[in-house]
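The values are calculated or read from the model by the stated rules, or taken from the named source; none is laboratory data. If you're wondering where the values come from, they're calculated on a predicted model, not measured in any experiment. Reconstructed Cβ throughout: ideal geometry from the backbone, glycine too, with neighbour counts over all protein chains shown. Ligands, DNA and RNA are stripped out before the accessible areas are found, and what is left, the full protein with its side chains, is counted by its heavy atoms. Shrake-Rupley method; radii C 1.70, N 1.55, O 1.52, S 1.80 Å.
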Amino acid sequence: VEVINTFTHIVGEPYVLIGSGLEDYTTDWRKRTLGKALAVVLPGNTQEVAKVVKVCIAHNIPIVPQGGNTGLVLGGIPDNSGRQLILSLKRLHHIRNIDVANACITVEAGCTLISIQVAAKKAQWFFPLSMGSEGSCTIGGNLATNAGGTQVLRYGTTRDLCLGLEIVTPQGEVLDDLSALRKDNTGYDLRHLLIGSEGTLGIITAASLKLFPLPKTKSHVWLALTDTHLVLDLLVIARQRLGTYLSAFEVMNTFSLKLVRKHYPEIAIPLLSDGKDYPWYVLLEVSDTTTITNLQPVLQAFLEDTLKDSIVSDIAIAQNLQQSQHFWKIRESIPLAQSREGLNVKHDIALPSAQIPIFVTQTDLLLSKEFRDIRIVNYGHWGDGNLHYNIQCPEGTDPKTFLAEYETNINQMVYAQVAKYRGSISAEHGIGGLKRRALQGYKSPVALAMMRTIKKALDPKNILNPGRVL
Ligand code: FAD
Ligand code: S2G
Ligand code: ZN
């Protein structure tokens, strides 16, 4: 009780939550797991974060930093010991500065991704990071997980968009490393050590981010294809012919779209009607940031050739902004349809693009033989070699029981296939608590030893997010 009073003294009574009704903080977005927190504390600024950390050090209270709680690998929710403190960054949601001359925006960690996109746009600039959770995920969480999303093909991951960080260290010190510099070689790059560290090496309280020119024209094309090899051919030709115009290349299998149709019947899906559907669909986005553009003729010629050469079987082109948004709505409804269908075994994997077809053919076969009637939802950012290769239990069976019984060996089979093609078992969601064991099996022992040394050196009391990543 005494420590709760100390927190209250630092952040104010309304910002220390204890007892029941904390599920929004203690359950993960997928509703897989319910943790139990000592309390939820919501500091109002960086100094308060630092003070809370110092109290936790003095009382040996482990801290789980949390942003929007949209993470998918149990990295941001407490275990069920009731001893861990959730330190929510939600109240640090101010846009600190937009520096147009330096094409840089400085924001606090609790800003939602969408609020940063909107602030940049208002200043006639573009902050490109974008993903289905952008309405509630925070830039602190995006940085901590080095989130990817749908614009990585052209703009890179969150790591590539960050110029500097302000963090609170595991000792409760404030490191102000915010910067608008594009070049700064003064010792180890601590920013890049922190990005992707999932709350285990420091608490991100603010970040300076790159701003980009606003796209002046965008076009969206929905394509139907009959084979994964053709999907990859399309990606290669798109890269060659569309160059830097190409800003997204999202792939979806039929079943992922049929799930959307089942749970969201009001969403019309182009080129998918009963009796006439295709195995694969691609949502392709091109955009141009210059004022005078020849984007349309380039796109037109590209599409004509892909039809003429029978790479694609059919095409639907968005005629206006509303249709473009509709294409994205279909794509972003897949994870929502999946969670309506029930808990599923998720694999957020990356492969060298050229190996995707053989991986898909072999792994589909392997799994379908071993686990009869499973339904494979295969979609995602193939432009980055990143597949969301998710397994839904057989129709009519109970998802929880299915996961309890089969998740581990499905993971093992999929990850063995990923390792065979020198892929990654976590492309963008991170390791968190969910993939910690899998990481031990797939990361080189030398790499794991170096990570442990870094963790021990920076956080010797293991106060930040213990049990996550390592
Ligand atoms: P949280 O869930 O609150 O935390 C995530 C991790 O970061 C935890 O380990 C936590 O401890 C740590 N953390 C959070 N804030 C801080 C901080 N300020 N300092 C230090 N550590 C911190 N992810 C993608 O990469 N690409 C996608 O396309 C994508 N699509 C999604 C679609 C849906 C519908 C959903 C639900 C999720 C999706 N995600 C995606 C996953 C998730 O949105 C991202 O991982 C996101 O970056 C998490 O941000 P958050 O603020 O919700 O973090
Ligand atoms: C996406 C969401 C999570 C999943 O939609 O791009 O990152 O795998 C995923 O369902
Ligand atoms: Zn994704």
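I'd like the residue in the stretch 287-303 that is among the hydrophobic types (A, V, I, L, M, F, W, C) and open to solvent by 20 Å² or more (accessible area, probe 1.4 Å) and, out of all such residues, is nearest to the chain's Cα centre (by Cα).
Val298
So which residues in the stretch 187-231 are open to solvent by less than 20 Å² (accessible area, probe 1.4 Å), part of a helix (DSSP H, G or I) and among the hydrophobic types (A, V, I, L, M, F, W, C), if there are any at all?
Leu194, Val231
Would you tally the residues in the stretch 304-326 being surrounded by fewer than 18 Cβ atoms within 10 Å (Cβ to Cβ), over 22 Å from His388 (Cβ atoms) and either among the polar types (S, T, N, Q) or touching a residue at least 40 places away in the same chain (Cβ under 8 Å) (or both)?
Result for the stretch 304-326: 11.
Against the condition more than 13 Å from ligand 1 (Cβ to nearest atom), touching a Gly at 6+ places or on another chain (Cβ under 9 Å) and not in a loop (DSSP other than H, G, I, E, B), how does Asp184 come out, does it pass?
no
Within the stretch 62-85, can one find any residue that is buried (at least 20 other Cβ atoms within 10 Å of the Cβ) and away from ligand 1 (no atom under 14 Å from the Cβ)?
No - not one qualifying residue is present in the stretch 62-85.
For Leu283, which of the numbered conditions (1) open to solvent by 20 Å² or more (accessible area, probe 1.4 Å); (2) touching a strand residue (DSSP E or B) at 6+ places or on another chain (Cβ under 6 Å) fails to hold?
Result: Leu283 fails condition (1) only.
Per-residue answers, yes or no, for (1) open to solvent by 50 Å² or more (accessible area, probe 1.4 Å); (2) at positive phi:
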| position | (1), (2) |
| --- | --- |
| Phe402 | no, no |
| Glu405 | yes, no |
| Gly423 | no, no |
| Gly430 | no, yes |
| Lys435 | no, no |
| Lys443 | yes, no |
| Ile454 | yes, no |
| Lys461 | yes, no |
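Could you grab the pairs with beta carbons closer than 9 Å, sequence gap of 6+ or different chains, first residue in the stretch 327-343 and over 17 Å from Cys393 (Cβ atoms), second one surrounded by fewer than 18 Cβ atoms within 10 Å (Cβ to Cβ) and among the β-branched types (Val, Ile, Thr)?
Pairs found: Lys329/Ile267; Ile330/Ile267; Ser333/Ile267.
Could you tell me which residue of the stretch 256-280 is most open to solvent (accessible area, probe 1.4 Å), considering only residues that are of a type outside the set (A, V, I, L, M) and touching a Phe, Trp or Tyr at 6+ places or on another chain (Cβ under 9 Å)?
Residue satisfying both the conditions and the ranking: Pro270.
Within the stretch 127-161, track down each residue that is away from ligand 3 (no atom under 11 Å from the Cβ), open to solvent by 30 Å² or more (accessible area, probe 1.4 Å) and more than 11 Å from Ile195 (Cα to Cα).
Within the stretch 127-161, Glu134, Gly135, Ser136, Leu153, Arg154 qualify.
Would you tally the residues in the stretch 102-141 being hydrophobic (A, V, I, L, M, F, W, C) and part of a strand (DSSP E or B)?
So the answer is 5.
Given Val168, Val118, Val152, which one is within 21 Å of Ala50 (Cα to Cα) and either within 9 Å of ligand 1 (Cβ to nearest atom) or of a type in the set (A, V, I, L, M, F, W, C) (or both)?
Val168
Filter the stretch 12-43 down to the residues that are modelled with pLDDT of 95 or more and either within 19 Å of Glu173 (Cβ to Cβ) or among the basic types (Lys, Arg) (or both) and list them by number.
Lys36, Val41, Pro43
Filter the stretch 351-388 down to residues that are over 20 Å from Leu235 (Cβ atoms) and without any contact (Cβ under 8 Å) to a residue 60 or more places away in the chain, then give me how many there are.
10
How many of the residues in the stretch 333-373 are open to solvent by 40 Å² or more (accessible area, probe 1.4 Å) and either under 14 Å from Phe255 (Cβ atoms) or acidic (Asp, Glu) (or both)?
So the answer is 4.
Out of the stretch 386-445, which residues are among the polar types (S, T, N, Q) and more than 16 Å from ligand 3 (Cβ to nearest atom)?
Once the filter is applied, which keeps residues that are among the polar types (S, T, N, Q) and more than 16 Å from ligand 3 (Cβ to nearest atom), the stretch 386-445 yields Gln392, Thr397, Thr401, Thr408, Asn409, Asn411, Gln412, Gln417, Gln440, Ser444.
Anything in the stretch 403-451 that is within 16 Å of ligand 1 (Cβ to nearest atom) and either in contact (Cβ under 8 Å) with a residue 60 or more places away in the chain or touching a Cys at 6+ places or on another chain (Cβ under 7 Å) (or both)? List them, or say none.
Correct list: Ser424, Ile425, Ser426, Ala427, Glu428, His429, Gly430, Ile431, Gly432, Gly433, Leu434, Lys435.
Scan Ile195, Ile237, Ile139 and give me the residue that is in contact (Cβ under 8 Å) with a residue 12 or more places away in the chain and farther than 30 Å from Phe327 by Cβ.
Answer to the selection: Ile195.
Filter the stretch 33-51 for residues that are open to solvent by less than 30 Å² (accessible area, probe 1.4 Å) and either assigned to a helix (DSSP H, G or I) or in contact with a Lys or Arg (Cβ under 7 Å, 6 or more places away or on another chain) (or both) and give the result.
Hits for the stretch 33-51 are Leu42, Pro43, Gly44, Thr46, Val49, Ala50.
Looking at Arg30 and the list (1) more than 16 Å from ligand 3 (Cβ to nearest atom); (2) open to solvent by 20 Å² or more (accessible area, probe 1.4 Å); (3) at negative phi, which single condition is not satisfied?
If we test Arg30 against (1) more than 16 Å from ligand 3 (Cβ to nearest atom); (2) open to solvent by 20 Å² or more (accessible area, probe 1.4 Å); (3) at negative phi, just (1) comes out false.
Could you tell me whether the stretch 295-315 includes any residue that is out of contact with any strand residue (DSSP E or B) (no Cβ under 8 Å at 6 or more places or on another chain) and under 19 Å from Leu214 (Cβ atoms)?
no
Since Met252 meets every condition but one in (1) without any contact (Cβ under 8 Å) to a residue 40 or more places away in the chain; (2) closer than 16 Å to Ile356 by Cβ, which condition does it not meet?
Failing condition for Met252: (1).
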